[in-house]
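Read through the structure below, which is laid out as structure tokens, and then see the notes.
The values are calculated or read from the model by the stated rules, or taken from the named source; none is laboratory data. Here the structure is a predicted model, which means the values were calculated and not measured. Glycine gets a Cβ as well: all are built from the backbone with ideal geometry, and neighbour counts include every protein chain shown.
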Amino acid sequence: MIIIMKRVAFQTFGCKLNFSETSSISKSFIKEGFESVDFKEEADVYVINSCTVTGNAEKKCKTAIKQAHKRNPNARIAIIGCFSQIRPDELASMDGVDLVLGNNDKFKILDHLNNLEKNHSTETVVSTSDLKTDLNFYPSYSSGDRTRSFLKVQDGCDYFCSFCTIPHARGRSRSNTIENTLKVAREIAASEIKEIILTGVNVGDFGKRNNESFFDLLKQLDQIEGIDRIRISSIEPDLLSNDIIRFVANSNKFLPHFHIPLQSGSKKILKAMKRRYTPSLFADRVSVIKEVMPHCLIAADVIVGFPDETEEDFQEAYEFIRDTDITYTHVFSYSDRPGTVASKSDIKVPPQIIHERSRKLQQLSDRKKLQFYNDHIAFSTKVLFESDNNAGFMHGFSDNYIKVKTPYNHDLVNKIKEVKLSKIDSDGVFLIDFL
């Protein structure tokens, strides 16, 4: 390498998969002698891992570009990821941008930077592979937090929901073999990390091109020594089989916590979204989970304001969420994504109605989460404590993802402790007193 730039700063937007990949890319920079600094500091290279799920995510990316360019007008600025893959020319036209790399090309960022320096180039380089044919899988995992690691086990998606650009931004569903995935997991296990979170675009699709399955992967990961806890980050309801649910219930490593995308509780809207399940299938999955794991926390994603969502559709979705044993929801306002089927609809829900529906669902979610927490008062559970020190308090998560806090104690960092949940503080978090 002839690169002489030595300070690099990273900014990541979007999903946990992006954070996992940024972490692996940052490790390659450090290996080449770079010093990683905070994005707010002056650096020689700024790398922005972008997201295109919502218009707001794209806006944040553009703001970060302007901030980096203002901080150091002579720095190299590289935009990588989903926004880069979908609309590279839009990003390349912005002042200060030197590199625009798509989702597979981003793993060659050091080579691109080296070429720019070697040729003293002032031209913006754009490189976005055709993800319809480029089925390479690039493994990654996060390691910035020595407590937990996000392990990428799958990439891409074959579902093509009517509102989503991810299949175009990430390409077709693909993954490594179980054997190679286990090698990466053992690498994590050799560190001090106590918990692995399995992440991907559509993790339940793992192995389909290798004649393997996600369930097979889970059974093999359960045998890995050196890792105490494993979570499944998010899994589609149609891919969450009863076998997987019962396996998690009987495992000593896999935790009673599921994140299951719902998107809508309206049968009509789910069909318009081109989702591959009905509300009744989702409810069946939740019912089985609660039957074998009564204390399991179940989170769900929900989109409000999808085109042609009537008041009756919203009410149907609201009542479904209210009456189903979902712990809480992540509520998203519908955002038109260029090129999607949904964006071409002439029947749009007015922004003020979307806002009001979002508010109602968020209030419902808050009530359900508080009820779940209240139901766990006097409940004994194991908590993995993290290293943060926020106003004198540190935080941790129970097996079933209940958040707790306690006065900061360095001796608790990265330790799993049995605690009794007794008091919910004013911020909605269990306060633990070890004294």
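Tell me which residues, restricted to region 286-342, are aromatic (Phe, Trp, Tyr) and over 15 Å from His259 (Cβ atoms). Residues satisfying the conditions are Phe306, Phe314, Tyr318, Phe320, Tyr334.
Any residue at all in region 216-231 that is buried (at least 19 other Cβ atoms within 10 Å of the Cβ) and in contact with a His (Cβ under 9 Å, 6 or more places away or on another chain)? Yes, that holds for at least one residue. One residue stands out among those in region 25-43 that are under 23 Å from the mean Cα position of the chain (by Cα) and small (Gly, Ala, Ser): the one that is nearest to Ala68 (Cα to Cα), which is Ser36.
Yes or no, residue by residue, for (1) of a type in the set (D, E, K, R); (2) over 24 Å from the mean Cα position of the chain (by Cα):
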| site | (1), (2) |
| --- | --- |
| Pro261 | no, no |
| Lys267 | yes, yes |
| Met273 | no, no |
| Ala283 | no, no |
| Ile289 | no, no |
| Ser358 | no, no |
| Lys369 | yes, no |
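Based on this model, can you work out whether Ile303 counts as farther than 18 Å from Ile235 by Cα and among the β-branched types (Val, Ile, Thr)? The answer is no for Ile303.
Of everything in region 186-202, what is out of contact with any Gly (no Cβ under 8 Å at 6 or more places or on another chain) and buried (at least 24 other Cβ atoms within 10 Å of the Cβ)? Give them in sequence order. Ile196, Leu198, Thr199, Gly200 - these are the residues of region 186-202 that are out of contact with any Gly (no Cβ under 8 Å at 6 or more places or on another chain) and buried (at least 24 other Cβ atoms within 10 Å of the Cβ).
Out of all the residues in region 415-435, which are surrounded by 14 or more Cβ atoms within 10 Å (Cβ to Cβ) and either touching a His at 6+ places or on another chain (Cβ under 6 Å) or modelled with pLDDT under 95 (or both)? Scanning region 415-435 gives Leu421, Ile432.
Only residues that are assigned to a helix (DSSP H, G or I), surrounded by fewer than 17 Cβ atoms within 10 Å (Cβ to Cβ) and not small (Gly, Ala, Ser) were counted across region 32-59, and they come to 2. Restricting attention to region 407-435 and to residues that are part of a loop (DSSP other than H, G, I, E, B) and aliphatic (A, V, I, L, M), the residue that is nearest to Leu384 (Cα to Cα) turns out to be Val413. Looking across region 307-332, just one residue is within 15 Å of Arg359 (Cβ to Cβ), touching a residue at least 40 places away in the same chain (Cβ under 8 Å) and among the polar types (S, T, N, Q), and that is Thr329. With respect to the conditions (1) assigned by TED's automatic domain parsing to the domain that holds Glu225; (2) among the polar types (S, T, N, Q); (3) modelled with pLDDT under 90, Asn119 falls short on a single one, namely (1). Is it the case that Leu198 is closer than 25 Å to Gln263 by Cβ, of a type in the set (A, V, I, L, M) and under 19 Å from the mean Cα position of the chain (by Cα)? It is true that Leu198 is closer than 25 Å to Gln263 by Cβ, of a type in the set (A, V, I, L, M) and under 19 Å from the mean Cα position of the chain (by Cα).
Let me confirm something: among Asp346, Asp325, Asp313, which residue is touching a helix residue (DSSP H, G or I) at 6+ places or on another chain (Cβ under 7 Å), over 18 Å from Arg275 (Cβ atoms) and not assigned by TED's automatic domain parsing to the domain that holds Cys15? That would be Asp325, the only listed residue that is touching a helix residue (DSSP H, G or I) at 6+ places or on another chain (Cβ under 7 Å), over 18 Å from Arg275 (Cβ atoms) and not assigned by TED's automatic domain parsing to the domain that holds Cys15.
Being in contact with a Lys or Arg (Cβ under 9 Å, 6 or more places away or on another chain), within 18 Å of Phe19 (Cβ to Cβ), free of Cβ contacts under 8 Å to residues at least 40 places away in the same chain and not assigned by TED's automatic domain parsing to the domain that holds Ser20 holds for only one residue in Ile230, Ile193, and it is Ile230.
Scanning region 116-126 for residues that are more than 17 Å from Gly96 (Cα to Cα) and free of Cβ contacts under 8 Å to residues at least 40 places away in the same chain returns a single hit, Asn119.
Restricting region 235-285 to residues that are of a type in the set (S, T, N, Q) and over 18 Å from Leu361 (Cβ atoms) leaves a set whose member that is surrounded by the fewest Cβ atoms within 10 Å (Cβ to Cβ) is Asn252.
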